[in-house]
Structure formats: structure tokens, C-alpha cells
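Colleague: Let me give you the structure first, and then I'll get to my questions.
Coordinate-derived values only; no laboratory data. The structure presented is a predicted model; accordingly, all values stated were derived computationally and were not measured. As a convention, Cβ positions derive from the backbone with ideal geometry for all residues, glycine included, and neighbour counts pool all protein chains shown.
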Amino acid sequence: MRKQLFDVLGAALMVLALMIPVSGRSQESSLAATPPMGWNSWNRFACKVSDTVVRAAADAIVSSGMKSAGYVYVNVDDCWQGKRDAQGMIQGNEKFPDMKGLGDYIHSKGLKFGIYSSPGPKTCAGFEGSYKHEQQDAQQYAAWGVDYLKYDWCSAGQVYKPEEMQDVYKKMHEALVSTGRPIVFSLCQYGLRRVWEWGPSVGANLWRTTGDVWANYDRIYSIAHAEDGIEPYAGPGHWNDPDMLEVGNGRMSHDENVSHMSMWCMLSAPLLAGNDLANMMPETLAILTNPEVIAVDQDPKGVQAHWAWQVGPYEPWAKPLADGSTAVLLINRGEDTEPITVQFKDVGVSGTKSVRDLWAHKDLGQFTDSFKADVRAHGVVMVKLH
């Protein structure tokens with residue numbers, strides 16, 4: 001019944017999307033057709049970011065194999081902004097002396113260049129925002145070769161009323177479109193005013209659904225759980241964004257990092273690594289580049305996973321895939337290894353299915369009507385039923 005409801009809601013939303021004027025849709029039908037993948041500077045470097053740090057990240061994406069795995073965006077978050085020139089055009093600060101040169105370097109690696117701003121007078125870190133300079137900033141970004149803009153509400157609340165939010169974001173989208181350069185438009189306003197309901201109408205390709213993530217298992221799970229119920233709003237070109245990845249940051253265990261990556265991939269979330277790519281451990285790289293798990297995130301059908309059920313700390317999620325198979329994630333938030341059984345009828349399938357473990361890269365055999373696995377504490381088992 002729940003699956004049928006999601007299908008009906010999804011169909012209704014697609015009809016509404018087709019009714020939106022062309023100027024309010026994504027800049028290109030192919031822009032963010034699958035969830036964007038790349039790296040963002042904030043989680044690891046915050047305001048310690050610099051031209052040198054960003055170039056090193058670009059180098060590491062290529063040399064580590066992350067580019068081959070699908071990571072292409074190199075996104076400079078807050079703290080890059082300097083002053084405006086006499087004509088009002090934004091410039092980089094002393095740590096970013098040549099933004100055009102940085103963009104050219106990133107592009108020379110076969111990667112894409114992302115940047116950050118706010119519709120308010122100041123960014124979250126107190127740097128120059130885009131308030132009353134939207135058209136100029138869009139033109140500058142295009143001149144620098146920017147491919148992705150993260151637009152963070154921050155101080156906008158000081159100059160705009162909450163009900164003006166949609167118009168504020170639409171204004172920047174139209175400015176970006178006017179440049180003629182395809183630029184992914186990422187809204188960062190923490191899920192305010194049910195953004196998933198109107199994000200596509202203001203040209204957004206993705207929108208934050210919650211507050212910030214940090215490298216803590218309980219926080220990561222709570223962010224993921226907040227996506228429950230907004231599945232119908234995600235799809236090709238427009239994605240619910242539970243924030244960036246913390247894999248490789250903090251003191252999370254291996255199982256917790258695997259859980260984090262698995263949940264994000266099941267949610268069709270943007271995969272923006274937030275660790276120090278130039279100095280990451282091999283196990284971190286292995287988690288970030290697992291091809292079978294990434295394929296679930298990047299599945300062209302673009303369906304976000306839904307909860308089958310939840311009993312205490314145990315729960316399965318299900319995600320139908322374009323090839324007719326179904327990805328299933330068994331989650332154990334408890335403190336001991338426990339068996340979790342999922343009935344096929346609870347995840348929308350029936351009969352006998354071949355089961356493949358996507359982290360072990362192993363076929364487990366055929367199962368009829370149900371599947372059971374031992375799941376470690378704070379761990380997951382992620383399988384594909386086909």
C-alpha cells in the first residue's frame with residue numbers, strides 16, 4: 001500500500017513539474033540527471049581552505065581513482081571571497097588570488113569547478129555574499145568557468161522575509177541561466193519551508209533537507225532518517241540533499257563509515273566527499289569508491305529508498321532500480337551483532353531472488369520469500385535482489 005501511495009504521489013509530482021515554465025526548471029534536462037558526485041572543502045578544511053588545498057584535492061581525485069569512480073566536482077565552500085572591485089565584481093581573497101586560473105586547473109584534470117555564496121549580505125563565515133549583486137556574481141562565476149553553485153541562506157534571513165525565499169532563489173537561478181553556462185544549482189537552507197515541494201520551480205537541482213551533518217554516527221543516522229516521507233520529491237535533475245559525506249573524518253569506526261556511505265547511496269543523495277583526499281587512508285578510499293554501492297546511488301531511475309519497517313534499532317530500506325532489481329539495506333543501530341530478516345513482500349518483491357552482497361562483492365545464492373543476515377553493531381548489510 002505504501003509503495004502504491006509513493007507511486008501515485010510521484011506521478012502527480014511529475015505532472016506538476018511539466019506544468020512549471022521552462023525558465024523555472026533545471027537549466028538543462030541533463031544537468032544533475034544523477035546525484036552529483038565530487039568533493040567539498042568545508043567538512044575538513046572550513047576556513048583553512050586555499051588555492052593550494054583545492055588543487056591538491058583535484059590532483060588526488062584523479063590519482064586515487066575517485067574520478068574514474070564518478071567523482072567530478074571540486075567545490076570550494078565558504079571563505080574564498082575577497083572584496084568587490086570598482087565595478088562591483090567579486091574577487092577572490094589572498095588565499096585565492098586567481099579564481100579563473102583555479103577553474104582552468106580543475107578543468108584541465110577533466111573535473112568540474114564548484115563555488116559557494118549566499119543570497120544575503122554575508123556568508124555563514126562572514127565573507128561577501130551576493131545580496132544585490134546576483135547578476136554580477138553569476139556573470140563572474142561563468143567567466144571563471146564555474147559548474148556548480150552552492151547557495152547558502154545564512155544572512156539572507158536578515159534582509160528577506162521567510163515568504164520571500166522562493167523568489168530570492170529564483171532570482172539567482174535566472175541570473176545563472178542568463179549567462180548561458182550550465183551551472184548546477186544547490187540550495188542550502190536546511191529544509192526550511194518544505195523546500196522539496198518547490199525546489200524544482202526555482203531551478204534547483206538539489207536542496208538541503210536538514211541541518212548540518214557532522215562525523216558522528218547518531219547524527220548521521222538522524223539526518224538520514226529525516227528523509228523518510230520525502231521520497232517522491234527526488235528524481236533525475238532534482239535531489240533531496242542530506243548534506244555532504246563525513247566518511248574518513250572524525251572518530252567513526254569502519255562499520256559506521258560503511259553505514260554512512262550505504263545510507264547516502266540508498267537515498268540517492270549527492271555524494272560530496274568531505275575528507276582530506278590528499279592524505280586519506282586506503283580503507284576510506286575503498287569505501288568511497290565501491291562501484292557496486294555507487295551504482296545504487298547513480299541508478300538512472302533515480303528513486304530514493306523508502307523504509308520497509310522499523311523495530312527498535314533494526315530496519316530495512318528498499319530502493320527499486322532501473323534494471324528491475326531492488327537494493328535492500330539492513331541497518332543495525334544496536335550495540336551487538338544481530339540477525340535481521342526481511343520478508344520480500346515488505347520490500348515490494350516476491351518469489352525467489354538471487355541475492356548479491358554489494359560490500360563483499362559476493363553472490364549469496366537464491367532465496368525464496370525472505371532473506372536473513374547477521375548485521376554488526378552500527379553496521380549494515382547491503383544487498384541487491386534480482
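Colleague: Check cross-link reach from Lys132 to the lysines: straight Cα distance under 28 Å, and skip same-chain residues fewer than eight apart.
Modeller: List returned: Lys48, Lys83, Lys95, Lys100, Lys112, Lys122, Lys150, Lys161, Lys170, Lys171.
Colleague: Which of Trp309, Trp359 comes first, and how do the rest follow, when ranked by fewest Cβ neighbours within 10 Å?
Modeller: Ascending Cβ contact count within 10 Å gives the list Trp309, Trp359.
Colleague: Can you compute the helix-only [θ] at 222 nm over the chain? Use -39500 (n - 2.57) per DSSP H run of at least 4 residues, normalise by all residues, nearest 500 deg cm²/dmol.
Modeller: Computed ellipticity for the chain at 222 nm equals -8500 deg cm²/dmol.
Colleague: Nearest-5 percent of antiparallel DSSP beta bridges in the chain?
Modeller: Of the beta bridges lying entirely in the chain, close to 60 percent run antiparallel.
Colleague: For the pair Ala226/Gln87, report the inter-label distance in nm, with labels modelled 7 Å from Cα in the Cβ direction.
Modeller: 4.1 nm
Colleague: If you take the square roots of the eigenvalues of the alpha-carbon gyration tensor of the chain and sort them as a ≥ b ≥ c, do you get rounded (a/c under 1.5), prolate (a/b over b/c) or oblate?
Modeller: prolate
Colleague: Something else: Run the numbers on segment 2-297 and let me know its relative contact order in percent, using alpha-carbon pairs under 8 Å that are six or more apart.
Modeller: Relative contact order comes out at 21 percent.
Colleague: Write out the cysteines belonging to the chain for which the nearest other cysteine Cβ is not under 4.7 Å, or none if no such cysteine exists.
Modeller: Cys188, Cys265
Colleague: Using +1 at the C-beta of Lys and Arg and -1 at the C-beta of Asp and Glu, which of His254, Met244, Val213 has the Cα lying farthest in the positive direction of the dipole of segment 209-262?
Modeller: It is His254, whose Cα lies furthest towards the positive end.
Colleague: While we're on this one: Could you list Tyr131, Tyr190 in order of exposure, starting from the residue whose Cβ has the fewest other Cβ atoms within 10 Å?
Modeller: Fewest to most other Cβ atoms nearby, the residues stand as Tyr190, Tyr131.
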